[in-house]
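Colleague: Before we start, here is the structure in question, set down as structure tokens.
The values are calculated or read from the model by the stated rules, or taken from the named source; none is laboratory data. What you are looking at is a predicted structure, and each value in this text was computed from that prediction instead of being measured. Cβ placement follows ideal geometry from the backbone for every residue including glycine, while neighbour counts extend to all protein chains displayed. For accessibility, only protein heavy atoms count, side chains too; no ligands or nucleic acids. Shrake-Rupley method; radii C 1.70, N 1.55, O 1.52, S 1.80 Å.
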Amino acid sequence: MAVQVVLVHGIRTSATMWRAQIEHLARRGNSVTAVDLPGHGSRLGEVFTLDEAFATIDRAVRDAATRGPVLLVGHSMGGLLSIEYVGREEPPPVAAFIAASCTSIPRGVGLAAYRFLARRFDSLPDRGLGLTNRVLDRTLPPETRADFGAGGYAFDAQDTALASLSVLDLLAALRRIRVPLWFINGQWDQLRANERLFLSVARDAELIVVPRTTHLVTAMRPRVFNALLDVALTTIEAST
């Protein structure tokens, strides 16, 4: 059976951020499910809660697992949630896992500073959208430029989602993960702070740093990220 892929987006964005990956996987012949977390994308009117975020991931994974082995891929907040999910005491049906742009423990001064900046941007008349657009215009290639905002921006869910991440016990979860795991970071990613710690704790993990790339590695270097998807898919295919 072909490997099934489940994609979990980062904060503020939605399933549309994965368009380049979805197209690549379709050409490769792998079925893919890109979820919208509560309060994001097609679910902008909902309140973000951790319980529903985990339930969303779990529903997609278990449904995909009825058709084949599952590769779970999470970016940023989606990656942090997926670490906690894959590292449950009762492991979910995940055959391999890519955690992109999420090797930082969301607690303490770092999280407080991130929330402060996010609230400052949100207080602007356009909620910081103008600055966001200028940054994306300068950093993303034309083929993926529209993808991050195509599903809308989850301004209302952002602070609640950020605050909720502080309860995650990522190191304990990483110690329990027994499937192949790849950490993928951009060279200039602000969430690289704990990548060496994460790598030392996770048993079957590899770290891949993509040169000249920001936090938005999936959209800034889509061909590179897609090639790394192929590595994970081939690893699963070789073991089944």
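Colleague: Carbon and sulfur atoms: what percent of the 1.4 Å accessible area of the chain do they account for?
Modeller: Looking at the chain in its full context, I get 54 percent from C and S.
Colleague: Right, something else. Glu89 label point, 7 Å along Cα→Cβ, cut-off 19 Å on backbone N: hits in region 44-66?
Modeller: What the label zone holds, given the 19 Å backbone N cut-off, is 51, 54-55.
Colleague: Provide the FRET efficiency to the nearest 0.05 for the Arg203-Ala238 pair, computing r from the beta carbons and using R0 = 22 Å.
Modeller: Once rounded, the FRET efficiency stands at 0.70.
Colleague: Which of Thr66, Thr213, Thr160 moves most in a GNM of the chain, Cα contacts under 10 Å?
Modeller: Comparing Thr66, Thr213, Thr160 in a Gaussian network model of the chain, the most mobile one is Thr66.
Colleague: Roughly how tilted is helix 155-164, in degrees to the nearest 10 and between 0 and 90, from the longest Cα axis of the chain?
Modeller: 60 degrees
Colleague: If you don't mind, there's one more thing I want to ask. Scan the chain and report its longest stretch carrying no GluC sites (Glu not before Pro) that are both in a DSSP loop and have at most 15 other Cβ atoms within 10 Å.
Modeller: Between the exposed loop sites, the longest stretch runs 144-240.
Colleague: Then there's this: Please report, largest first and rounded to whole Å, the three semi-axes of the ellipsoid equivalent to region 1-113, where each semi-axis is the square root of five times an eigenvalue of the C-alpha gyration tensor.
Modeller: The equivalent ellipsoid of region 1-113 has semi-axes of 23, 16, 14 Å.
Colleague: So what's region 158-199 giving for Rg/Rh, alpha carbon basis, Kirkwood Rh from the mean inverse pair distance?
Modeller: Reported Rg/Rh, Kirkwood definition of Rh: 1.00.
Colleague: I would also like to ask the following. Taking Cα atoms, how many degrees apart are the long axis of helix 77-86 and the longest axis of the chain, rounded to 10 and kept between 0 and 90?
Modeller: So the helix axis and the longest Cα principal axis differ by about 30 degrees.
Colleague: With a 1.4 Å probe and all protein chains left in place, how much accessible area per residue does the chain have, in Å²?
Modeller: Each residue of the chain exposes 44 Å² on average to a 1.4 Å probe.
Colleague: Can you pull a Stokes-Einstein diffusion coefficient for region 55-136 at 10 °C (1.306 mPa s), Rh from Kirkwood over Cα pairs, as a whole number of µm²/s?
Modeller: The estimated diffusion coefficient comes to 106 µm²/s.
Colleague: Could you give me the ³J(HN,Hα) list for region 24-35, computed from phi with Karplus coefficients 6.51, -1.76, 1.60 and θ = phi - 60°, whole Hz, x at Gly and Pro?
Modeller: In residue order, the calculated couplings are 5, 5, 5, 5, 7, x, 9, 5, 9, 10, 10, 8 Hz.
Colleague: Now a separate question. Which residue, chosen from Ala161, Met17, Leu228, occupies the Cα position most advanced towards the positive end of the dipole of the chain, where the dipole is computed from +1 (Lys, Arg) and -1 (Asp, Glu) charges on Cβ about the Cα centre?
Modeller: Projecting each Cα onto the dipole axis, the largest value belongs to Leu228.
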